[in-house]
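Working notes, structure below.
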Amino acid sequence: MILFLLPLLLVTHSTSSNIIHWVSEPLLPGEAALIAVVSINRSLPLQIFGRPSGDASLPFLPLPTQGETKHGITATIPPTYAVGEFELQARRGRAIGPSYRVNVPRPWFVFGDQGNTATPGGHIRVVGDGISLPSRLSFPSYDRTMKKLHQHYHDIAIDVHSSAPPPIPQLFLTGAVTKHTVQLAGTNLTRSHATFALPHDVPMDEYTVEIANAMTGTRAPLCTFLTPNTPCMSTINITTPIALPASTKKFIVQAQQPGYGRNATAAIQQALSEAEEYGKGGIVYLPRGQYFMQGPILIPEGCILQGERRDLVSIYFFEQNQTTAPDAYVTGRTNTTQSFGVEDLTIYVTSYANNIIRFQPSTNGGHIKRIRMRFNSYFALEPVMGQASRGRNTSWSHGQGTAVLLAGKNIQIVDNDIYSSGDVVSTLHNGMAGGSYFYIARNRFWNGGTTHWGIEWKQCIYESNEATGTSITAMGSNYPQYNHNDGNPHVQNIYHFNNSQNMVWGNDREMMTSDAGGGLNFFVLSLLLLPVSIHSFDNFFDFPPATFAVCCFQVVCILAVLLPTLKPHQPPTTLICHHKPLGLL
């Protein structure tokens, strides 16, 4: 009896090896999938088997594969599969790995309209893999993609012009106190993102989060790693808004105008002092004019510094030297200030500077909105014979200065126009390692140094920013890991989407880097960290469909996987990938 069963056991043997731990999902029928597989024994060829979802009685059938490496393989999804969930298995000989369900949502983190919290009438954004299935809503080139796939698989009927409604992601919020579940439909879709608007009457509560990428799809729970002590955050709080300013009381700067050549320091300090004495927050308001300021502007707790309009209000800081330049020209009143904001004005700094605007590590709720900044250490610089010309900056190791220095959490930098002869946005050397829940969007940056130092950023959104290098030292965008003594030096959960970076000349012309990991790194680059766009899109589909997944969703694989698949008559320069997407996501 034992001898009779042995052949059967050999055929159906499952193993803890051959485990699929990542797939470049979501995937369309006919597309190629990058599949990462863990195998203990790689002596036999790796095979991928697939099965349409919904019928466990169907057998797993082998899929066409190519390009096996020690990390995985590429497999072509059958064009006969329906758009939606299906299953894959990895096999080597008779050793069968566990089933992996593809095209289910895998949420990484949620981001509320206040950062780590949301408000009634606000919104919740969900970021991860497979948040939206490919459709006309999440993938603007969907119809063209399906048409190209149809042409490639001309002998198989692919529904190019389906009239079926596109799948809409669904968010499920279950209150800890109310026990009531709120179901919301997603908007602003990409394959890795969806926004969910909250009703104005949603009860304030702590909500457990689940998401499905279709009305009848698998509901996946949120599980965000925050720290080793909080390895699986599964909830979000819907709470009262962070009031900034904390009150609507105005403290108007009474400076003599026209202000050209006049010192407005006393008038600005008077308004700041009145706001501090009031103690309940408010608006330090600058009417139309020019304001010449000696020394820093220290904003009280819960206050904003607001101009009438950024093209009507200008603050000029008097030039300082290496010993008198403040740590920051605009910052919180004390080292424990939690929230302040700057809005609707223009700032000029033309000499020595460490930082222009600085948020302290204690920050929990701050913003910079609709400002213009012109920080130029080289303005009217007269070189000294025999001395190196490095600009008018303080004698510190970095030697450039920073326009916006970040720390803390829940900070918004939106709709600004910032020129910096040094770095633009950074968490470098600011009293703590990194920060969390930063929202940096729709800004125009001009950088002489680095566009952003995203050092130890966690749960942050950086989207729709345009950056142009303005010097031969201009560098790109960075997510490094430098503060290894902090305990949590890693970068995690970044949604970096629809950004443009050009004129990158500095260092080794690095467009983006993740320096100083110092250990194990796990990067899922599909759509989140480095989306790309395709130049000469029509020619792109002259390649086999396998190359489509490689270029669009796995930038690091372009040289290693894409170029060897080029047709013999097509040089590698036929395909050009840019940092700014053209709506392919």
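The values are calculated or read from the model by the stated rules, or taken from the named source; none is laboratory data. Here the structure is a predicted model, which means the values were calculated and not measured. Positions of Cβ are backbone-derived with ideal geometry, glycine not excepted, and every protein chain shown enters the neighbour counts.
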Query raised in the report: How many of the residues in segment 309-346 are in contact with a helix residue (DSSP H, G or I) (Cβ under 7 Å, 6 or more places away or on another chain) and either outside the structural domain of M293 (by TED's automatic domain parsing) or acidic (D, E) (or both)?
Result: 0
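Looking at L149, L184, L189 in this structure, which one is crowded, with 17+ Cβ neighbours inside 10 Å and modelled with pLDDT under 90?
Working: L184 fails: modelled with pLDDT under 90; L189 fails: modelled with pLDDT under 90.
That would be L149, the only listed residue that is crowded, with 17+ Cβ neighbours inside 10 Å and modelled with pLDDT under 90.
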Query raised in the report: Looking at T336, T394, which one is assigned to a loop (DSSP other than H, G, I, E, B) and modelled with pLDDT of 85 or more?
Result: T336
Requested in this report: Six or more apart or on different chains, Cβ under 8 Å: which pairs go from a residue in segment 54-82 that's touching a residue at least 24 places away in the same chain (Cβ under 8 Å) and within 10 Å of G30 (Cα to Cα) to one that's among the acidic types (D, E) and in a loop (DSSP other than H, G, I, E, B)? Could you list them?
Outcome: T76/E31; I77/E31
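Every residue, every condition in (1) more than 30 Å from R288 (Cα to Cα); (2) touching a Pro at 6+ places or on another chain (Cβ under 9 Å); (3) not small (G, A, S), yes or no:
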| position | (1), (2), (3) |
| --- | --- |
| L198 | yes, yes, yes |
| V202 | yes, yes, yes |
| A212 | yes, yes, no |
| F225 | yes, yes, yes |
| P228 | yes, no, yes |
| S234 | yes, yes, no |
| I242 | no, no, yes |
| I268 | no, no, yes |
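Where in segment 421-489 are the strands (runs of 3 or more DSSP E), entirely inside, with at least 3 residues that are within 22 Å of G115 (Cα to Cα)?
Values: elements: 423-426, 435-441, 444-447, 457-463, 466-469.
Correct list: 423-426, 435-441, 457-463.
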Requested in this report: Please verify whether segment 74-85 includes one or more residues that are surrounded by fewer than 18 Cβ atoms within 10 Å (Cβ to Cβ) and modelled with pLDDT of 90 or more.
Outcome: yes
Query raised in the report: Could we say that R310 is buried (at least 17 other Cβ atoms within 10 Å of the Cβ) and of a type in the set (K, R) here?
Result: yes
Query raised in the report: Does any residue of segment 260-272 turn out to be at pLDDT below 95, out of contact with any Lys or Arg (no Cβ under 6 Å at 6 or more places or on another chain) and surrounded by 18 or more Cβ atoms within 10 Å (Cβ to Cβ)?
Result: no
Report task. Return the pairs, sorted by first residue and then second, in which the second residue is among the charged types (D, E, K, R) and surrounded by 13 or more Cβ atoms within 10 Å (Cβ to Cβ), the first residue lies in segment 173-198 and is within 24 Å of Y495 (Cα to Cα), the beta carbons are less than 6 Å apart, and the residues are 6+ apart or on different chains. Result -> T195/R125
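Being among the β-branched types (V, I, T), surrounded by fewer than 24 Cβ atoms within 10 Å (Cβ to Cβ) and closer than 19 Å to R372 by Cβ is the filter here, so list the residues in segment 446-485 that pass it. Reasoning before the result, please.
Of the residues in segment 446-485, the ones among the β-branched types (V, I, T) are 450-451, 455, 461, 468, 470, 472-473.
Still in the running and surrounded by fewer than 24 Cβ atoms within 10 Å (Cβ to Cβ): 461, 468, 470, 472-473.
Hits for segment 446-485 are T468, T470.
Quick one: how many residues across segment 339-366 are among the small types (G, A, S), farther than 20 Å from L286 by Cβ and part of a loop (DSSP other than H, G, I, E, B)?
As a first pass, look at segment 339-366 and keep what is among the small types (G, A, S): 339, 341, 351, 353, 362, 365-366.
Then drop every residue that is not farther than 20 Å from L286 by Cβ, which leaves 351, 353, 362, 365.
Of the ones still in play, those that are also part of a loop (DSSP other than H, G, I, E, B) are 351, 353, 362.
So the count comes out to 3.
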Query raised in the report: Across segment 408-444, what is the number of residues that are under 21 Å from G506 (Cβ atoms), over 19 Å from the mean Cα position of the chain (by Cα) and surrounded by fewer than 24 Cβ atoms within 10 Å (Cβ to Cβ)?
Result: 2
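Listed here are the residues, each with its yes/no results for (1) assigned to a strand (DSSP E or B); (2) touching a residue at least 40 places away in the same chain (Cβ under 8 Å); (3) loosely packed, with under 14 Cβ neighbours inside 10 Å.
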{"position": "Y207", "(1), (2), (3)": "yes, no, no"}
{"position": "E210", "(1), (2), (3)": "yes, no, no"}
{"position": "N237", "(1), (2), (3)": "yes, yes, no"}
{"position": "Q257", "(1), (2), (3)": "no, no, yes"}
{"position": "Y285", "(1), (2), (3)": "yes, no, no"}
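What are the residues in segment 462-488 that are under 20 Å from the mean Cα position of the chain (by Cα) and under 20 Å from S362 (Cα atoms), if any?
N488
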